[in-house]
1. Which strands (runs of 3 or more DSSP E) sit wholly inside the range 212-284 and have at least 1 residues that are acidic (D, E)?
2. Cβ-Cβ below 6 Å, separation at least six or inter-chain, first residue in the range 188-217 and under 27 Å from G54 (Cα atoms), second in a loop (DSSP other than H, G, I, E, B) and among the charged types (D, E, K, R): which pairs?
3. Quick check on the range 177-191: of everything there that is touching a helix residue (DSSP H, G or I) at 6+ places or on another chain (Cβ under 7 Å) and either open to solvent by 10 Å² or more (accessible area, probe 1.4 Å) or of a type in the set (G, A, S) (or both), which residue is nearest to D265 (Cα to Cα)?
4. If you go through the range 64-82 one residue at a time, do you hit one that is within 16 Å of the ligand (Cβ to nearest atom), assigned to a helix (DSSP H, G or I) and either in contact (Cβ under 8 Å) with a residue 40 or more places away in the chain or open to solvent by 30 Å² or more (accessible area, probe 1.4 Å) (or both)?
5. Residue under question is N198, and the condition is that it be more than 22 Å from K229 (Cβ to Cβ), open to solvent by 10 Å² or more (accessible area, probe 1.4 Å) and not charged (D, E, K, R); does it hold?
6. Considering each of V132, V106 in turn, give the residue that is touching a residue at least 60 places away in the same chain (Cβ under 8 Å) and out of contact with any Gly (no Cβ under 6 Å at 6 or more places or on another chain).
7. So the check is Cβ under 7 Å with 6+ separation or different chains; which pairs have a first residue in the range 167-184 that's in a loop (DSSP other than H, G, I, E, B) and a second one that's away from the ligand (no atom under 13 Å from the Cβ) and modelled with pLDDT of 95 or more?
8. Those residues that are of a type outside the set (D, E) and within 11 Å of the ligand (Cβ to nearest atom), I need them from the range 217-241; list them, please.
Amino acid sequence: MRTQSVRWRAAAVLASVLLVGGVAACGNSDTGGGGSKDDGKITMGFSQVGAESGWRTANTTSIKESATAAGIELKFDDAQQKQENQIKAIRNYIQQKVDVIAFSPVVESGWDTVLKEAKDAGIPVILTDRSVDSADKTLYKTFLGSDFVKEGRLAGEWLVEQKKTASGPVNIVELQGNTGAAPANDRKKGFGEAIAANPNLKIIASQPGDFTRAGGKQVMEQFLKANPKIDVLFAHNDDMGLGALEAITAAGKVPGKDITIITVDAVKDGMQALADGKFNFIAECSPLLGPQLMDLAKKVHAGEEVPPRIETEETTFTTEQAKEALPNRKY
Ligand code: GYE
């Protein structure tokens, strides 16, 4: 451990000397990365979850644009929501001796083996957007992303405030993200904890809608069939909420009035629904992680210390706030 950190410090000094001299740091193996070639470019292998939502599309764009802007060569793989595809992609990146591996884990569990392989190969790993539940924190350098528990809590606290004068039961249905994903587990947790403040607030049904519009629509149809009285929908992202709107309208109910709708993300389409009064509240989750990720990649490649956790800054939106923010919403 000690020799490694000495080596890293030496590498950091070397990198800054090179930078001061106006020469980009070389991607050789002494700098802590695998270093496939010596053209001075950092190569990043990135494994993306998929293309399931507006959030994900904006996240992918942010990563690709930021890599270009930072002069980082990006190898990008879309795992189509499958952990096995992500593991395959990471193993490929290890074989190709990329300098840095970054990925957004589709689920929280089951990463230890492949992360250990990357570590043994001397390739630093950065987690972005979603985290893993590995006990060994040395398997990755840092985790850049949102506090999903907080997002769920903010959603729940808003509802508690709205329903504080409710005299009878308030029936809530919940559309969860894909099973086992950090944002699904954590948003559920945060929301559940917040609404426990009022025993009238009850989750009567909770099912995964996989963060997609199609999933949200289909599960909401089932919810509506099985439950004659639904007062509130909490959807773990905008896309599922948008899919649910179709099911709600088809069932002859008015979204945003007959059923209060709370979502997470605040992508443009979600913000439009909120401005139109079809949604009632959104807890923001920023997908624009690219610039910070590239910055971190340069730092870990140079052997610099980085904080183990970097949290994204976020806010919440009501209908009025969405109307104000919409004209400048880029994604
Ligand atoms: O909320 C959802 C996406 O991991 C934070 O994944 C991300 C979530 C986001 O599919 O829309």
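1. Result: 260-265, 281-284.
2. Correct list of pairs: F211/E52; T212/E52.
3. Taking the range 177-191 first, the residues touching a helix residue (DSSP H, G or I) at 6+ places or on another chain (Cβ under 7 Å) are 177-178, 182-183, 186-191.
Now drop any that are not either open to solvent by 10 Å² or more (accessible area, probe 1.4 Å) or of a type in the set (G, A, S) (or both), which leaves 177-178, 182, 186, 188-190.
Working: G177: 12, N178: 15, A182: 14, D186: 14, K188: 15, K189: 17, G190: 15 Å.
Top of the filtered list is G177.
4. No, the range 64-82 contains no residue that is within 16 Å of the ligand (Cβ to nearest atom), assigned to a helix (DSSP H, G or I) and either in contact (Cβ under 8 Å) with a residue 40 or more places away in the chain or open to solvent by 30 Å² or more (accessible area, probe 1.4 Å) (or both).
5. No: the conditions fail for N198.
6. Details: V132 fails: touching a residue at least 60 places away in the same chain (Cβ under 8 Å).
Result of the check over V132, V106: V106.
7. Pairs found: G168/N200; P169/N200; P169/K202; G180/S109.
8. Step one: of the range 217-241, the residues of a type outside the set (D, E) are 217-220, 222-230, 232-237, 240-241.
Listed by number, the residues that qualify are A235, H236, N237, M240, G241.
The values are calculated or read from the model by the stated rules, or taken from the named source; none is laboratory data. The structure presented is a predicted model; accordingly, all values stated were derived computationally and were not measured. For neighbour counting, all protein chains shown are included, and Cβ atoms are generated from backbone atoms with ideal geometry for every residue, glycine included. Areas reflect the complete protein model, heavy atoms only, side chains present, ligands, DNA and RNA absent. Shrake-Rupley method; radii C 1.70, N 1.55, O 1.52, S 1.80 Å.
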